[in-house]
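What follows is a single structure, written as structure tokens, with notes after it.
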Amino acid sequence: GPGALLVRAAEEETALSAGALDHVSGDGLKERVTSRLSRIEAAAARRMSRGTGVLATIGSTAPFVGLFGTVWGIMNAFIGISQAQTTNLAVVAPGIAEALLATAMGLVAAIPAVVIYNVFARSIAGYRQVLADASAGVERLVSRDLDFRTVAPATPLAAE
């Protein structure tokens, strides 16, 4: 999984820099590992977020489509009134029914899309946090490994 990918990336970067570690500080390696891990996190987030834009678009535009249908239906009701020269229910009802149907259809499309989008968004945010925590753990391991490499071996105290 992605956790193993993070560890493998850090191992590869460490192996690529192994020859230089004896001659320079490990700051460059830390930066390269951090950069590589952040790229892995970003790629995973992009993969997980695929398709959520469609849900967001449906959730945000469907109510407007329903509203447009509502306006259209009400306009038809008024046209019916003007043509019939009367305001009885038989003249007004078809336009009002059309308006209510359009409103309902917009809501039927929007509500599930928004709910599903929010579920996915929370799931993606949680997964990104797990990846960030795993990356931080890998970075700590690399840093700790570099600290142990730079500590000079202990020399025995000379007997006095």
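The values are calculated or read from the model by the stated rules, or taken from the named source; none is laboratory data. Just so you know, these numbers come straight off a predicted model, no measurement behind them. Cβ sites come from the backbone with ideal geometry, for glycine too, and all protein chains shown count toward neighbours.
Screening segment 52-89 for residues that are in contact with a helix residue (DSSP H, G or I) (Cβ under 6 Å, 6 or more places away or on another chain) and polar (S, T, N, Q) and picking the one that is surrounded by the most Cβ atoms within 10 Å (Cβ to Cβ) gives T70.
Across segment 33-50, the number of residues qualifying as within 10 Å of the chain's Cα centre (by Cα) and in contact (Cβ under 8 Å) with a residue 24 or more places away in the chain comes to 4.
Looking across segment 110-138, the residues that are loosely packed, with under 13 Cβ neighbours inside 10 Å and farther than 28 Å from V33 by Cα come down to V115, V119.
Within segment 93-111, residues that are of a type in the set (F, W, Y) reach no partner that is assigned to a helix (DSSP H, G or I) with beta carbons closer than 9 Å at six or more positions or on different chains. The single residue among L67, L37, L29 that is assigned to a helix (DSSP H, G or I), farther than 18 Å from E139 by Cβ and not small (G, A, S) turns out to be L67.
The residues on offer are T86, T57, and the sole one that is out of contact with any Lys or Arg (no Cβ under 9 Å at 6 or more places or on another chain), free of Cβ contacts under 8 Å to residues at least 12 places away in the same chain and not in a helix (DSSP H, G or I) is T86.
Within this structure, T155 fails the test of being modelled with pLDDT under 95, of a type in the set (S, T, Y) and touching a Leu at 6+ places or on another chain (Cβ under 8 Å). Figure legend. Inter-residue proximity from segment 127-145: first residues of a type in the set (K, R), second residues in a helix (DSSP H, G or I), beta-carbon distance below 9 Å, spacing 6+ or different chains. Indicated pairs: R128/E41; R128/A44; R128/A45; R128/M48.
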